[in-house]
């Protein structure tokens with residue numbers, strides 16, 4: 001009998017075959033290769049690629065790269081316990097790494113390179129280390145401000161200028177570590193109640209919340225807003241590309257992020273993971289992100305212009321609270337944001 | 001094989017498909033509903049009532065406006081000679097190839113802060129911009145449904161009514177409106193659900209106005225707001241329930257699958273000049289002017305762009321999406337044909353049940369489906385045989401390929417099923433019986449009777465499925481990471497950064513590819529059907 005397309009058996013076989021082809025094609029993407037390192041990256045896509053390329057060049061190991069926002073990455077690691085998918089978590093604010101370390105999701109590893117990282121920028125147990133930093137700033141468009149007849153904002157209070165209503169762009173602190181840093185800073189600056197009052201007023205000036213912390217600079221570049229709250233390197237990168245924007249560090253206080261790296265507990269490729277950490281902490285590793293055009297501050301004390309140097313010379317009025325305190329207030333502040341601002 | 005044997009075989013064939021649907025769709029939906037009720041019980045969703053009220057008002061406004069404008073455009077088109085009417089159809093129909101987020105981006109490019117006409121237009125962020133973008137994005141649906149429904153209107157009837165002294169308004173009310181009631185009712189309901197569940201236009205234009213679908217989107221991508229996301233998913237599905245009830249009580253497939261009337265243009269309707277006709281013409285000119293302004297602004301934005309419009313990442317995204325769409329079509333087409341074949345032979349009650357389930361799957365908001373699947377398979381699932389690995393997101397099995405394929409296949413199977421069923425029903429039962437009595441076997445019946453009648457419809461549906469998979473926003477964006485190789489996710493990431501020019505370029509490339517792929521799929525299907533039909 002000739003098989004016919006009308007036959008359910010033939011059709012079912014066709015479907016099964018198609019499924020096999022599909023899963024067969026895609027399953028090879030998994031992190032099972034011997035000389036691979038699987039990296040969960042929580043930073044700008046270009047920076048993630050620059051890190052991966054530099055590591056591959058140095059070690060010869062391939063990098064399987066998956067980029068996830070920091071909060072999603074932590075949730076994935078948290079719920080993936082017992083079925084490890086990744087070796088490394090690279091990028092994203094250290095607040096999340098503190099949470100992960102407390103929950104035993106990170107594998108302590110003290111790299112020989114760790115000695116060059118000041119104590120305050122790494123976990124004392126070796127669970128995570130800070131590998132880059134950025135300073136919170138305003139990214140302003142001088143032509144945009146001129147059109148609004150508004151002065152360049154130099155302080156946080158300047159952002160409440162009525163002329164800037166609907167002209168401020170920031171990400172949602174629920175999806176962006178950058179936006180949470182700005183949010184937490186106001187509590188450090190003004191205290192809990194006055195800080196929330198200020199935040200309510202500031203968010204009233206916002207056009208709409210972006211998803212990504214790096215997006216507000218682009219919103220300003222495209223003239224949809226006049227001021228962005230962002231980390232300074234993203235504004236500097238836009239300026240280097242020829243856009244008419246200016247970085248302004250607020251006079252009345254700013255804060256910085258510490259981007260971290262860590263080996264994940266039960267990493268499938270432990271040796272490769274340790275090699276990756278050695279690379280990420282090295283001077284070469286900390287400089288490699290700059291290949292993307294975004295120049296972040298190194299945490300190593302032997303790299304010129306490093307974070308400790310910048311903090312010591314007092315050029316920025318940094319007033320942020322310790323990491324542990326920020327971690328503690330995160331859920332409550334985000335709950336307030338959801339209930340009072342977002343809806 | 002005896003009739004009883006065929007019936008048993010057909011029913012047996014439906015079992016694995018039903019089981020698959022139960023695991024991949026049924027269980028996630030039940031789990032999501034459970035989570036929604038739990039969230040409701042804990043009252044942990046502040047502000048959601050206001051968001052629901054705003055979204056409902058927005059969707060109602062858009063549905064009414066799109067329906068009225070669709071009517072005006074369709075009436076104007078039907079009174080035009082055939083050539084300009086075809087041009088009209090092409091311009092409005094082409095909007096189907098433009099994803100809603102691109103329409104929103106064009107609205108910003110026209111009237112946003114940095115827009116070409118910012119100085120003379122009010123702020124487009126918030127409700128005004130969302131209404132405008134949603135109406136333009138949904139207009140072709142209303143227009144095309146009305147155009148197709150009016151194909152049954154006999155111009156002689158209009159002529160007769162006019163001879164008897166009926167004015168244009170009366171002709172419209174007594175002759176043109178009656179055939180629209182059922183299709184327009186269903187279409188309005190679908191447009192309401194579609195606007196309610198679209199997160200992409202609010203992602204670009206919401207300003208500070210929260211909508212249900214966008215809130216659910218944020219809850220999903222921020223991870224942690226599972227209760228709220230599931231509650232919203234259930235709320236989005238509620239408007240579909242009355243429609244399903246109507247369909248269950250009146251199981252006529254023609255309500256959803258408009259009767260296929262073959263090729264050939266309908267004759268022009270000659271309506272006397274009247275305020276109604278003139279108003280429709282004026283509205284049509286306004287709509288066409290608006291579409292033209294949006295398109296020209298998108299074009300000039302691209303021409304003035306200071307960045308590379310097409311990047312290597314964009315090329316990878318396009319190739320990947322095309323691959324997924326075609327593989328999904330290869331899976332969905334045989335499954336749809338199988339369920340339609342089995343439904344026809346498994347007895348009337350089984351057929352009615354199968355049709356109803358397919359229609360339910362088709363009508364279920366894709367946002368609801370995406371959230372249900374995300375919640376059920378976002379992380380590994382414990383089963384009696386061990387843990388099923390996570391299927392959603394870049395870090396999951398096959399880099400999320402399984403979830404994306406399910407997202408594409410789930411709405412495509414019902415489309416194929418309903419198209420084949422409509423094709424089956426186009427073959428008169430008496431003709432089939434006669435052929436059978438004269439000795440024609442099942443194979444011959446199918447190849448020489450059913451396929452030649454249903455072939456064009458099946459080919460058109462296959463092309464539509466391929467196109468839909470490439471252009472659709474939901475449920476894909478709920479099942480992929482921001483930089484996943486999918487067009488919709490990539491575009492929303494671009495728009496988050498206000499990269500309008502690259503979004504327009506992406507849409508242009510996709511529109512050309514969709515047209516080419518759709519034409520190729522339709523031609524291939526027609527060729528296969530034609531060859532078989534001539535055997």
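None of the figures in this text is laboratory data; all of them are computed from the coordinates on show. Because the structure is predicted, anything quoted here is derived from the model rather than measured. So basically every Cβ, Gly included, is an ideal-geometry build from the backbone, and we count neighbours across all protein chains shown.
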Open item on the list: Test of understanding: ordering A:230, B:300, B:76, B:211 by Cβ neighbours within 10 Å, fewest first, what list do you get?
Closed with: B:300, B:76, B:211, A:230
Task: Once the Cα gyration tensor of the range B:339-452 is diagonalised, semi-axes √(5λ) in Å - done: 40, 14, 13
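If R₀ is 41 angstrom, what is the calculated FRET efficiency for the pair residue B:316 and residue A:303, using the beta carbon separation as r and rounding to 0.05?
Working: r = 34 Å, r/R0 = 0.83.
It comes to 0.75.
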Task: Per-q log10 I(q)/I(0), chain A, q = 0.08, 0.13, 0.14, 0.15 Å⁻¹ (Debye; single scatterer per alpha-carbon; no solvent) - done: -0.43, -0.97, -1.10, -1.23
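Over chain B, what relative contact order in percent results from Cα pairs under 8 Å that are six or more residues apart? Display every interim value, and only then the final one.
Details: 724 pairs, mean separation 111.2, N = 535.
Over chain B, the number comes to 21 percent.
What's the average, rounded to a whole number, of partner chain beta-carbon atoms within 10 Å of each residue's beta-carbon in A:220-233? Please report the intermediate quantities before stating the final value.
Details: counts 2, 6, 11, 6, 9, 3, 1, 0, 0, 0, 0, 0, 0, 0.
Partner-chain Cβ atoms within 10 Å, mean over residues of A:220-233: 3.
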- [ ] Take every Cα pair under 8 Å in chain A that's 6+ residues apart, average their separations, divide by the length, and report that relative contact order as a whole percent.
- [x] 25
Open item on the list: Restricting to Cα pairs below 8 Å that are 6+ residues apart, what does the relative contact order work out to for the range B:381-465? Please round to a whole percent.
Closed with: 26
Open item on the list: Within the range B:178-205, name every residue whose backbone N is under 19 Å away from a label modeled 7 Å from Cα of residue B:60 along the Cβ vector.
Closed with: B:185-198
- [ ] Give the angle, between 0 and 90 degrees and rounded to the nearest 10, that separates the Cα long axis of helix A:270-281 from the longest principal axis of the Cα atoms of chain A.
- [x] 20
Task: Computed label-point distance, nm, for sites residue B:445 and residue B:9 using a 7 Å Cα→Cβ extension - done: 1.2
Open item on the list: What do you get for the angle between helix A:70-79 and the principal long axis of chain A? Use alpha-carbon atoms, 0 to 90 degrees, nearest ten.
Closed with: 40
TODO: Just tell me how shielded B:105-112 is by partners: mean number of partner chain Cβ atoms within 10 Å of each residue's Cβ, no decimals.
DONE: 1
- [ ] Could you pull the Cα extents of chain B along its three principal axes, largest to smallest, in whole Å?
- [x] 74, 73, 47
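Please report, to one decimal in angstroms, the Kirkwood hydrodynamic radius of the range B:45-304 built from all distinct Cα-Cα pairs. Can you show the working numbers first?
On the way: mean 1/r = 0.0500 Å⁻¹.
Value: 20.0 Å, from the Cα pair sum.
Counting partner chain Cβ atoms within 10 Å of every residue's Cβ in B:490-503, what's the average?
On the way: counts 0, 0, 1, 4, 2, 3, 11, 11, 13, 4, 2, 1, 0, 0.
Averaged over the peptide's residues, the number is 4.
Counting each DSSP H run of 4 or more residues in chain A as -39500 (n - 2.57), what helix-only mean residue ellipticity at 222 nm follows after dividing by all residues, to the nearest 500 deg cm²/dmol? Don't skip to the answer; put the middle values down first.
On the way: 13 runs with 143 residues, N = 343.
Helix-only estimate at 222 nm: -12500 deg cm²/dmol.
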Task: Residues of the range A:153-185 with amide N under 17 Å of a point placed 7 Å along Cα→Cβ from residue A:319 - done: A:154-160, A:181-185
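Using the per-residue mean of other Cβ atoms lying within 10 Å as a proxy for protection, in what order, highest first, do the peptides A:333-343, B:353-363, B:337-347, B:404-414 fall?
Working: A:333-343: 17.7, B:353-363: 19.9, B:337-347: 23.2, B:404-414: 25.4.
So the peptides A:333-343, B:353-363, B:337-347, B:404-414, ranked by packing, come out B:404-414, B:337-347, B:353-363, A:333-343.
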Task: Two-site label geometry, residue A:240 and residue B:79: point separation in nm, points 7 Å out along Cα→Cβ - done: 6.2
Open item on the list: I want to verify a result. In a Gaussian network model of chain A, Cα cutoff 10 Å, which of these has the top mean-square fluctuation: A:177, A:104, A:259?
Closed with: A:104
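For chain B, what does -39500 (n - 2.57) per DSSP helix run (n ≥ 4), summed and divided by total residues, give at 222 nm, in deg cm²/dmol to the nearest 500? Spell out each step's value before the answer.
Details: 23 runs with 377 residues, N = 535.
It lands at -23500 deg cm²/dmol.
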Task: Nearest-ten-degree value, helix A:177-190 long axis tilted from longest Cα axis of chain A - done: 30
